[in-house]
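Only one structure is covered here, and it is reproduced in the block below.
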Amino acid sequence: MQKREAIIAGQIGRCGSLEAFLGFAPARLLHSASFADVLDEGTGRGYQRPRNRSHSLDFKRYIARDGSSTVPLTFNLRREMADAWGIRRKGNGRAILVIRPGVRCLAQVDCQHRLGEMSDSDIPLAFMAFIGLDLRAEMGLFVIINSKAKGLSSSLTDFHESTLIEDLSEEAPHLYISRRLNEDRQSPWFKLIRYGGESTSGLKRRTSLRMMQKSISRFLAQMRSQDRLDVEEKYHLVVSFWRSVATVFPNEWHDHRRHLLTKGVGLYAMTLLLTDIVNEAHGQAMDEDFFVRKLESLKGTVDWSSNGMFSDAGGRKGALEVYNRLKEIAQL
């Protein structure tokens, strides 16, 4: 027997400057017709954090109690899925939302944890659905609503910022370089930087987007020659440097779980070292061979192991201590 389309009576009005549909429906219906657009770090698609199942179960237990309620769930009726939904306007703000059976066309802007375990529940819930926003506008709303939410990682908010900026290389070169390090197949950091979404199975992320972009931001701010270089030249310096690091410390780079080289302390200390090398280059061609020559004195001298010479270093102060030691050994 073919499933029937879902028909929900409601009201249309404006929330701020955007048109929205307000209605009530059983939780199981809203669950079956909606989806959370979770960021897949392998493909770069999506923008939300993974759902916390325990939070969803907590809400399910709560909403089943007498006297319980919640604020309206927030959705977007995706523009590109308009063939799966329709709105029949009845006049005086009254309207009917029609959803094609078997299609998830309601993007969960602010409700994925509340709705996540409600597939078998007939509890009625209030909801608001923005009408026909494109993905970029939807994501912008998500950021506004959730940017201060507990549990939303700083790297995920950095990823949101980098996605919403029109000209990333011009307006936020630190984010442009950081994301490109993770997305450039020629980069030693390819697919190794956490964005805060759902990691692809088998990939072991070594640092976060927040850590990387902060270290790059400091490097760009302290570069003496930055006005003479465009963003592509700056990226070339950064990626060439990290290729040389992976060349000089191959075991430490690949066995990252037992070494500090790509952890916060190593990342910040090595980036400070990069700044010194670039500022003292005096017109030399700064390619991978150049950086290898600058770093080769560290090979066999620096112990990056978790119980080695930097095992007690932590935080920004610890990274500065590691940097000073590296600078002394490299005679920079």
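Here, each number is a calculation from the coordinates, and none is a lab measurement. This is a predicted model, so every value here is computed, not measured. As a convention, Cβ positions derive from the backbone with ideal geometry for all residues, glycine included, and neighbour counts pool all protein chains shown.
Mean projected area of the Cα convex hull of the stretch 154-330, taken over all directions, amounts to 10.0 nm². When only Cα pairs below 8 angstrom with a gap of at least 6 residues are kept, the stretch 154-330 shows a relative contact order of 20 percent. Shown here for the stretch 232-288: GluC sites (Glu not before Pro) in loop regions (DSSP other than H, G, I, E, B) with at most 13 other Cβ atoms within 10 Å, namely 280. Simple point charges give the picture: +1 on the Cβ of Lys and Arg, -1 on the Cβ of Asp and Glu, and for the stretch 1-108 a dipole about the Cα centre of about 320 debye. Put in line by how crowded their Cβ is, counting other Cβ atoms within 10 Å and starting with the fewest, 62, 235 read 62, 235.
With the convex hull of the Cα atoms taken as the outline of the chain, the averaged projected area works out to 21.5 nm². Computed from Cα atoms, the angle from the helix 315-330 axis to the main principal axis of the chain rounds to 30 degrees.
Can you compute log10 of I(q)/I(0) for the stretch 20-59 with the Debye formula, treating each Cα as one identical point scatterer, at q = 0.14, 0.30 Å⁻¹? At q = 0.14, 0.30 Å⁻¹ the computed log10 ratios are -0.48, -1.01.
The angle between the Cα long axis of helix 231-248 and the longest principal axis of the Cα atoms of the chain comes to about 70 degrees, rounded to the nearest 10. Taking the helices alone, the chain has a mean residue ellipticity at 222 nm of -12000 deg cm²/dmol, built from -39,500 (n - 2.57) per DSSP H run of at least 4 residues and averaged over all its residues. Estimated at 0.36 nm per residue, the fully extended path between residue 320 and residue 276 surpasses their Cα-Cα distance by 14.5 nm.
Taking the number of Cβ atoms within 10 Å of each Cβ as an exposure proxy, the fewest-first ranking of 49, 88, 180 is 88, 180, 49.
Charges were assigned to the Cβ only: +1 to each Lys and Arg, -1 to each Asp and Glu. The resulting dipole of the chain about its Cα centre is roughly 1280 debye. Residues considered: 243, 51, 65. Largest GNM mean-square fluctuation over the chain, using C-alpha springs under 10 Å, is found at 65.
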